[in-house]
């Protein structure tokens, strides 16, 4: 198993010292190296046990003059201590840097894509040969379709009411829902089933046509509110003709046993 240099140096140092507290702390922090740590501890202890035992010292004979200290040992001990201290410092610094590198998030490298070059296409300035295309271009303004005009009031909103048999009050409520207006129906309105066929016609024009056929008048109260009263108002103007598809509204006979 190849270990980081800092981890390897720390493990050898712990195996040499044999400090149990330091060993437990290392194993708790790096459990993946527990087996390797145990193997090194056994190896160091085995090597220490293989050293030959010290020979029995001879009989002590005192001398009058002290023995001089060998000169080579005077500088060897400080040098050895310096080397050991330097090794410990280097191992500690390396181990600290390795720990810091493990906690730093990896920054993704963003590669900038070169800008896309778009070659402009020439615009055909020639006039179309088809006279119908020329007419459409002239009417629409350089080929742009003319947008329909927005309704001036909610009563101008087009509505569609198509039914072979529907209640008059329910039909009025459906018209109000499509146009976004409020219709207040007065008491006394006829309870009849009707047949209607209005397609994409202004709401007020449909109301006036239905009032003429089913006996009620529409009195405008506000911009989006009207009152529907029974009987036709003789003062009300005649309804305009509905263009486009035919709009048919007529009474439908009630079912047997019911009074229209």
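Check 25, 38 and return the single one that is surrounded by 13 or more Cβ atoms within 10 Å (Cβ to Cβ), out of contact with any helix residue (DSSP H, G or I) (no Cβ under 7 Å at 6 or more places or on another chain) and at pLDDT 85 or above.
38
Considering each of 205, 183, 172 in turn, give the residue that is touching a helix residue (DSSP H, G or I) at 6+ places or on another chain (Cβ under 7 Å), assigned by TED's automatic domain parsing to the domain that holds residue 225 and under 17 Å from residue 229 (Cα atoms).
Result of the check over 205, 183, 172: 183.
Which condition does residue 198 not pass, out of (1) modelled with pLDDT under 95; (2) within 50 Å of the chain's Cα centre (by Cα), if it passes all the others?
So residue 198 meets the others, but not (1).
Somewhere in the range 96-103, is a residue touching a helix residue (DSSP H, G or I) at 6+ places or on another chain (Cβ under 7 Å), under 30 Å from residue 7 (Cβ atoms) and at pLDDT 60 or above?
For the range 96-103, residues touching a helix residue (DSSP H, G or I) at 6+ places or on another chain (Cβ under 7 Å), under 30 Å from residue 7 (Cβ atoms) and at pLDDT 60 or above: present.
The values are calculated or read from the model by the stated rules, or taken from the named source; none is laboratory data. The shown structure was predicted, so the numbers you read here are calculated from the model rather than taken from an experiment. All Cβ positions, glycine included, derive from the backbone under ideal geometry; neighbour counts span all protein chains shown.
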